[in-house]
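One structure below.
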Amino acid sequence: MEASSATGPREPSMAVHLLQEKPGVWQSLRALLDVPSVALTIAIAAALYYFIDWSQIRVLDFGIVLKYWRPLTIAAGATLLITLGAFAVGLLLGVGLAILLELPIGPLRYVINAYIEIWRNTPLIVQLFWIHFGLPVVTGISTTALESGSLALTLQSSAYLADIARAGIQAVPRGQWDAASALALPVRTKWFEVILPQALKIMIPPLGNLAVSFLNGSALLGVLSVGELMTVSAKISDYTSRPVEIMTVTASLYLAMNLLTTYLTGQLERFTGRRP
Amino acid sequence: MSSFDVSEVIRSLPELWIGLEFTLILVFTSLGLGTLIGLLACLGRLLGNGLLPWLCAAYTTIFRGIPEVVLMFWIYYCGPLLGGVRPSSLIAALIAMSLYVGALLSEVFRGGILAVPKGQVEAARSLGVPEFWVWTSVILPQAFRVVIPALIGVAALTVKVSGIASTIGVTDLVYQANIIAGQSYRYFELFTAVGIFYFFILFPMSMLAKVYERRLAMRSR
C-alpha cells in the first residue's frame, strides 16, 4: 500500500507525450514495428522458450484442478469473508481511533499513536505467531487458528485504517469545521453529518489499495492453517503432489480477486463522484 | 511460566544472529535486483512500442496482485519448469522477492516520471535541450524527489515481506525464532523480541517517509 501511494495522475497518453508523437492509426501500426521494441519482445520470448523445460510442461495436468473446484471455491469464499470481516471491523475501529485522536485528550493521543505505529511497523507474520503462540502463554486463553488469524488481520487493519482515516479527516477543508462550530452543531451532528461523510469519500482510493494488500496478507494465514484458500491449496497440492497446477490456479484466483477489488474501488470512486 | 524471561532471548542471540544475516541478505539482494527490474519494466512501459509496454504492464499487474506467500511457493515449485533444477529455498525466495519488489518499484518509478509536469519537458525540448539531458537533468531529478517517500515505503515493505520467506524454509529471523521457541516453548519472549527488532528497523523508516512526505506537501503548496 505504501508503494501505490505515488501512482500519480492517470494519463494514458504519457508515453506518446514522451515521444513527441500524436497517436493515429498509421502511427500506431508503425509503432508496432518499431525495431528496438520488437527486438526486445522477441528476445524475451526466445529466452522464455529456451529456458522453459517443455517436457515438464507437457506433463502438467490442469484437469486435477477441476476435480477439486469445490473446496477451492469454498476456500476462496472463506478468504474473501475473512478479509471482509477483518476489514469492516478494522474500519470501525480505525475511524473510532482517528476521531479519538482529534479530541483534545493529551495522554490518549500518545497511546493511540503508539498502538498505530506498533501494528504498522511489524511484519504480519510476526504478529500472527505472537498472537497465536505467544499470547496464550501469558493470558492463558488459547485461541483457534481462525480466531488468532482474524484477530491479527483485524488489529493490523485497524491501525492502517486509523492512519488513513486521520489523513482523511484532516483533509476535510477548514471551512467545514468552522461552519460546523459557527452553527453550534452538536458534536454528533458535526462528526456524523459533516466531517465523516466527506472524510470517507477522500479515503476511498487508499482504502482500495489497503483492501488489496489485506487480501494478499490473508494468504499468510495459511501458515496457521486457518482454512482459507492458501491452506486448502497447500493441502490439495500435498495430497495430489501436483503443486505446480494447484499453485498456478491459486495464484490466478488471488489475482482475480485483487483485480475485482481494484475495479470495484474504481467504480465506488466514480459513484461517489471523486472521479469523472 | 508467566514471567517474562529475557535470559532465554539472550541465550538464543547467536541463532537469531544467523537469522538476521539471512534476513539482511534477502532484503538487500531483492532491493538491488528489484530496482534493476523495476527500472527496466518502467522504461519499457513508458518508452517501448507495440507489445513491450503491454508486457511490462502485465508483469507489474500480475506480480503485484499475487500474495507474496503464494508467489514464493509458486516459484519454489515451478523452478524445475524453468531451467530444469529445483531452486533452493533461499534462491526461490530471492527470485520471488526480487520480482515482487521490481513490480512495486516499476509502478513507483512510473508514478514519479508521470508526476513531472508536462510543461517542464516541453520547455526543455523547445529550448533544444538534447533528449539525453532532458531525461537526466529535467525529468529524473524531479521524478526522484517526488518518489522518495514511496521508495522508503517499498524498502519497509521489503523488510516486512522478508519474514514470509521463512514459510518455504529460509532460515531468516522468523524461522530461527520459531525453531528456538519450539524447543523451549518461549514463544512470547522470542516473538516479542523479534517484533521489537523489526520495529526498530521499520519505525525510523516510516518516520523518515513521513518527514519527506510533509516536505513535499509544503513545497507543492
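Listed here are the residues, each with its yes/no results for (1) touching a helix residue (DSSP H, G or I) at 6+ places or on another chain (Cβ under 7 Å); (2) part of a helix (DSSP H, G or I).
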| site | (1), (2) |
| --- | --- |
| B:Thr167 | yes, yes |
| B:Val170 | yes, no |
| B:Ala177 | yes, yes |
| B:Ile180 | yes, yes |
| B:Gln183 | no, yes |
| B:Leu190 | yes, yes |
| B:Val194 | yes, yes |
| B:Arg214 | no, yes |
| B:Ala217 | no, yes |
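Do we find a residue being closer than 24 Å to B:Leu173 by Cα, over 15 Å from the mean Cα position of the chain (by Cα) and at pLDDT 85 or above anywhere in region B:50-68? Looking for residues that are closer than 24 Å to B:Leu173 by Cα, over 15 Å from the mean Cα position of the chain (by Cα) and at pLDDT 85 or above, one finds none in region B:50-68, hence no.
Taking only region A:31-46 into account, find how many residues are of a type in the set (Gly, Ala, Ser) and modelled with pLDDT of 85 or more. Counting residues in region A:31-46 that are of a type in the set (Gly, Ala, Ser) and modelled with pLDDT of 85 or more gives 3. Taken residue by residue, region A:57-66 has at least one member that is of a type in the set (Phe, Trp, Tyr), part of a loop (DSSP other than H, G, I, E, B) and open to solvent by 70 Å² or more (accessible area, probe 1.4 Å). Within region A:166-188, is there a residue that is among the aliphatic types (A, V, I, L, M), part of a helix (DSSP H, G or I), out of contact with any strand residue (DSSP E or B) (no Cβ under 7 Å at 6 or more places or on another chain) and closer than 30 Å to A:Ile131 by Cβ? Checked against the condition, which is being among the aliphatic types (A, V, I, L, M), part of a helix (DSSP H, G or I), out of contact with any strand residue (DSSP E or B) (no Cβ under 7 Å at 6 or more places or on another chain) and closer than 30 Å to A:Ile131 by Cβ, region A:166-188 yields at least one hit.
Rundown of residues vs (1) part of a helix (DSSP H, G or I); (2) closer than 30 Å to B:Pro67 by Cα; (3) open to solvent by 40 Å² or more (accessible area, probe 1.4 Å), yes/no style:
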residue	(1), (2), (3)
B:Leu104	yes, yes, no
B:Arg110	yes, yes, yes
B:Ser137	yes, no, yes
B:Gln142	yes, no, yes
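All of B:Ile196, B:Ile179 fail the test of being over 19 Å from the mean Cα position of the chain (by Cα), at the interface with another protein chain (Cβ under 10 Å from one of its Cβ atoms), among the hydrophobic types (A, V, I, L, M, F, W, C) and surrounded by fewer than 17 Cβ atoms within 10 Å (Cβ to Cβ), apart from B:Ile196. How many residues does region A:254-276 hold that are at the interface with chain B (Cβ under 9 Å from one of its Cβ atoms), hydrophobic (A, V, I, L, M, F, W, C) and in contact (Cβ under 8 Å) with a residue 12 or more places away in the chain? The qualifying residues number 1.
No other residue among A:Thr83, A:Thr122 is more than 22 Å from B:Phe197 (Cα to Cα) and open to solvent by less than 40 Å² (accessible area, probe 1.4 Å) apart from A:Thr83.
Keeping to region B:112-135, report how many residues are more than 26 Å from B:Glu213 (Cα to Cα), in a helix (DSSP H, G or I) and not basic (Lys, Arg).
7
For region B:63-117, enumerate the residues that are facing chain A (nearest Cβ under 7 Å) and closer than 18 Å to A:Phe51 by Cβ. Scanning region B:63-117 gives B:Trp74, B:Tyr77, B:Cys78, B:Pro80, B:Leu81, B:Leu82, B:Gly83, B:Gly84. Candidates in region A:164-191 are the residues that are touching a helix residue (DSSP H, G or I) at 6+ places or on another chain (Cβ under 6 Å) and closer than 19 Å to A:Gly94 by Cβ; of these, the one that is surrounded by the most Cβ atoms within 10 Å (Cβ to Cβ) is A:Ala165. Can you find a residue in region A:232-243 that is farther than 25 Å from A:Lys67 by Cα, crowded, with 19+ Cβ neighbours inside 10 Å and either free of Cβ contacts under 8 Å to residues at least 40 places away in the same chain or away from chain B (no Cβ under 14 Å) (or both)? No; the residues of region A:232-243 include none that is farther than 25 Å from A:Lys67 by Cα, crowded, with 19+ Cβ neighbours inside 10 Å and either free of Cβ contacts under 8 Å to residues at least 40 places away in the same chain or away from chain B (no Cβ under 14 Å) (or both). Among the residues of region B:3-24, those that are over 14 Å from B:Ile180 (Cα atoms) and without any contact (Cβ under 8 Å) to a residue 24 or more places away in the chain comprise B:Ser3, B:Glu21, B:Leu24.
Given the criteria among the aliphatic types (A, V, I, L, M), closer than 26 Å to B:Val174 by Cα and out of contact with any helix residue (DSSP H, G or I) (no Cβ under 6 Å at 6 or more places or on another chain), does A:Ala88 qualify? When the stated conditions are applied, A:Ala88 does not pass them. Number of residues in region A:208-229 that are under 30 Å from A:Arg58 (Cβ atoms) and open to solvent by less than 10 Å² (accessible area, probe 1.4 Å): the value is 2. All of A:Ala165, A:Ala159, A:Ala211, A:Ala145 fail the test of being modelled with pLDDT of 90 or more and over 15 Å from the mean Cα position of the chain (by Cα), apart from A:Ala165.
The values are calculated or read from the model by the stated rules, or taken from the named source; none is laboratory data. Being a predicted model, the structure only gives us computed values, none of them experimental. Glycine also receives a Cβ, built like all others from the backbone with ideal geometry; neighbour counts cover every protein chain displayed. Heavy atoms of the whole protein, side chains included, go into the accessibility calculation; ligands, DNA and RNA do not. Shrake-Rupley method; radii C 1.70, N 1.55, O 1.52, S 1.80 Å.
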